[in-house]
1. Running a GNM on the chain with Cα contacts under 10 Å, which residue among Ile168, Ile91, Ile140 ends up with the highest mean-square fluctuation?
2. Tell me the mean residue ellipticity at 222 nm calculated for the chain from its helices only (DSSP H runs of n ≥ 4, each -39500 (n - 2.57), averaged over every residue, nearest 500).
3. So if R0 is 25 Å, what FRET efficiency would Ala285 and Thr29 give, r being the distance between their Cβ atoms, rounded to the nearest 0.05?
4. Give the residues of the stretch 196-223 whose amide nitrogen is closer than 17 Å to a point set 7 Å from the Cα of Lys179 in the direction of its Cβ.
5. Please list 3J(HN,Hα) in residue order for the stretch 293-306, calculated via the Karplus relation 6.51 cos²θ - 1.76 cosθ + 1.60 where θ = phi - 60°; whole Hz, with x for glycine and proline.
6. If the chain between Arg131 and Phe57 were fully stretched, how many nm would it gain, using 0.36 nm times the residue separation less the Cα-Cα distance?
7. Taking a ≥ b ≥ c as the square roots of the Cα gyration tensor eigenvalues, with a/c under 1.5 meaning rounded and otherwise prolate when a/b beats b/c, else oblate, which class fits the stretch 9-104?
8. Simple spin-label model, 7 Å along Cα-to-Cβ: Ser124 to Ser242 in nm?
Amino acid sequence: MNPEINSGVYPTMLTPFTADNKIDYDGVTDILNYYAASGVDGIFAICQSSEIFYLSFEERLALLRFIKANLPGGMSLVASGHTADDLKTQIEEAKAFINEGIDAYVFIANRFSEEGESDDVFLSNYEKATRALDGIPFGIYECPYPYKKIMTPSLLSECMQISPISFIKDTCCSLEMIKEKLEAAKGTPLKIFNANGATLFESLRAGCAGYSGVMANFHPDLYVHLCRNYMTDSEGIRLLASFLSFASTIELQQYPVNAKYHMQCLGLNVNMFSRVRDCGAFTGANKMEIRAMIETENHIRATLGL
């Protein structure tokens, strides 16, 4: 594993499915090419957007192998798949994913303790897992399912004393807490990637390494532009930041079905099938909202000269 990963934009990679509920690898290829054409810096694979809680271990591993084998050049690859309840299985599965040669293995924070349990339980399990995996660089994801375990600055500091951390997908949605985490991470390899569109612009200015969130499946190139130009105090950049903040509310619609439909509208060979949501519940009005967002995206691109 590399001690440091790229800064920038990491889409939370979707899993396309065929009509008979199998992973559609042609669709996976199209999505990888779409990310590459958009200029993203890395991919967060085998994550919640990938519907990992609805994939078998064998499916998750096969999908990661395919992504690794077809990863466009220049991209970092971080991956999770950390869904098991018991620590022994978590360690065994992590070893299998790490052996594929990814740049960071990302633990899901809520897997190390039950909701309501103390941070001591979390730290005990985190230490056992990382020690079993030889202390290589890891990542942590504040996944909201089945419940959201926030990595407070103090908890994050304790974790970094146990083992190096190179990546965190932050979902706290609090600019103040993000700044506190950035302070805790000073002098370490840790890079914080914000998943929240509303706080992204200011968090980049505060020192976040980039964006890793669901909306990079809709307009990744716009996130790339913001992450590379956030220090430009221009009307265009502030307009872009405002659009990305407001547009992120679309994830409350019917995600990830709506993201797959958005990709369809752009010409990708990606079905809307999902194991998490009924794509039949994605209404005509929902589709109109996505098409309207695409028109606005194009207007933003024209305004910025992209």
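1. Result for the chain, Cα springs under 10 Å: Ile91 fluctuates most.
2. On the way: 11 runs with 137 residues, N = 306.
One gets -14000 deg cm²/dmol as the mean residue ellipticity at 222 nm.
3. On the way: r = 31 Å, r/R0 = 1.25.
The computed FRET efficiency comes out at 0.20.
4. Of the residues in the stretch 196-223, 198-209 have backbone N under 17 Å from the label point off Lys179.
5. 5, 4, 4, 5, 4, 5, 5, 4, 4, 5, 5, 8, x, 8
6. Details: separation 74, 0.36 × 74 = 26.64 nm, distance 2.23 nm.
That works out to 24.4 nm of additional length.
7. Details: a/c = 2.01, a/b = 1.29, b/c = 1.55.
Since a/c reaches 1.5 but b/c is at least a/b, the shape of the stretch 9-104 is classed as oblate.
8. So the two model labels end up 5.2 nm from each other.
Laboratory data are not the source of any read-out in this text; all were calculated from the coordinates shown. Since this is a predicted model, take the numbers as computed values, not measurements. Cβ coordinates were reconstructed from backbone atoms using ideal geometry, including for glycine residues, and neighbour counts include every protein chain displayed.
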